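Student: Dropping a structure here in structure tokens format, bear with me for questions.
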Amino acid sequence: MAEPADQFAIRVSDLVVGFGRQTVLDHLSLDVRKGEILGLVGASGGGKSVLMRTIIGLIPRRSGRIEVMGVEIGQTHDHKTQTAAGRWGILFQQGALFSSLTVRQNVQFPLRESLELSETLMDEVANAKLEMVGLSPEDGDKFPSQLSGGMTKRVALARALALDPAIVFLDEPTSGLDPIAAGDFDSLIKTLQKTLGLTVFMVTHDLASLNTVCDRVAALADGKIVAIGPMSALLRSEHPWVRAYFHGKRSQMLQPKAS
């Protein structure tokens, strides 16, 4: 039985994206349910970040349909895309903080762009978002160059949450973090998702994140989604790339241990 359309936060249908003669996404379709953490996995250079950036309007598409929270969005810089952007927050790979701004000013950036608030209120909102991701108001006075990798990711996440989005896009959120920091960040994402009722679209290659955080995992290969479901379903997939990825030497953590 088909799920009701209003159960989906993101719907991508028959999407085609390419550069020059190269087709990166080839009639790809994907639905993301409201309130879930969906992990997107695929080969390096296989189009994971291209898909995310196409959904949020940074990369134009050749054809296909994209809906966000029930609203069909247009091409890059289209009015509908700009309106829909108010419903999502984005954490880019490596954080993408403005080096010349303090942590607090980085978090306030979306507020200054979208709202008319007093300086006092912006400070209060920024401090609240920093505390939400496990940082203190005192951390707001630091500059990005003074932050560890884990703190940088947390500040970027606080900025992504600044406008209280319904959807958060995460591009390789644990990339560059040591296993302990990555595990802490995964726990933070899960906690925020439950507390705030967020829908999380997470591009990642981190097997631990896929296994411990994601409600469902979508595998991208040959320009299409070739498998999707909970981790148990991905482990049963017969697709060659999916089998190679989830049953390779580095994926032993996902396999049940013999008693």
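Student: Which residues, taken from segment 176-196, are in a loop (DSSP other than H, G, I, E, B) and charged (D, E, K, R)?
Tutor: Selection gives D178 alone.
Student: Which one of L177, L207 is modelled with pLDDT under 90, more than 25 Å from L101 (Cβ to Cβ) and buried (at least 16 other Cβ atoms within 10 Å of the Cβ)?
Tutor: Being modelled with pLDDT under 90, more than 25 Å from L101 (Cβ to Cβ) and buried (at least 16 other Cβ atoms within 10 Å of the Cβ) holds for just one of L177, L207, which is L207.
Student: Now, a different point. Does D215 satisfy the criteria of being surrounded by fewer than 23 Cβ atoms within 10 Å (Cβ to Cβ) and closer than 20 Å to Q93 by Cβ?
Tutor: no
Student: Filtering segment 235-259 down to residues that are aliphatic (A, V, I, L, M), in contact with a helix residue (DSSP H, G or I) (Cβ under 8 Å, 6 or more places away or on another chain) and at pLDDT below 90, which residue is farthest from G42 (Cα to Cα)?
Tutor: Here the answer is M253.
Student: With not in a strand (DSSP E or B) and not aliphatic (A, V, I, L, M) as the only criterion, which of T54, T23 stands out?
Tutor: Residue meeting the stated conditions: T54.
Student: Using the structure shown, decide if K153 is charged (D, E, K, R), buried (at least 22 other Cβ atoms within 10 Å of the Cβ) and under 27 Å from G35 (Cα atoms).
Tutor: yes
Student: Here's a follow-up. Is it the case that L15 is closer than 27 Å to W241 by Cα, over 14 Å from the mean Cα position of the chain (by Cα) and surrounded by 21 or more Cβ atoms within 10 Å (Cβ to Cβ)?
Tutor: yes
Student: May I ask you to verify whether P173 is touching a residue at least 12 places away in the same chain (Cβ under 8 Å), in a loop (DSSP other than H, G, I, E, B) and closer than 21 Å to I56 by Cβ?
Tutor: yes
Student: Out of G89, G57, G46, report the one residue that is buried (at least 20 other Cβ atoms within 10 Å of the Cβ) and either modelled with pLDDT under 90 or more than 28 Å from L196 (Cα to Cα) (or both).
Tutor: After ruling out the rest, the residue left standing is G57.
Student: Within segment 92-115, can you find the residues that are among the aliphatic types (A, V, I, L, M) and at pLDDT below 90?
Tutor: A96, L111, L115
Student: Restricting to segment 143-164, count the residues that are modelled with pLDDT under 95, touching a Ser or Thr at 6+ places or on another chain (Cβ under 8 Å) and part of a loop (DSSP other than H, G, I, E, B).
Tutor: 1
The values are calculated or read from the model by the stated rules, or taken from the named source; none is laboratory data. This structure is a prediction, so every number in the text was calculated from the model and none was measured. Every residue, glycine as well, gets a Cβ built from its backbone with ideal geometry; the counts of neighbours run over all protein chains shown.
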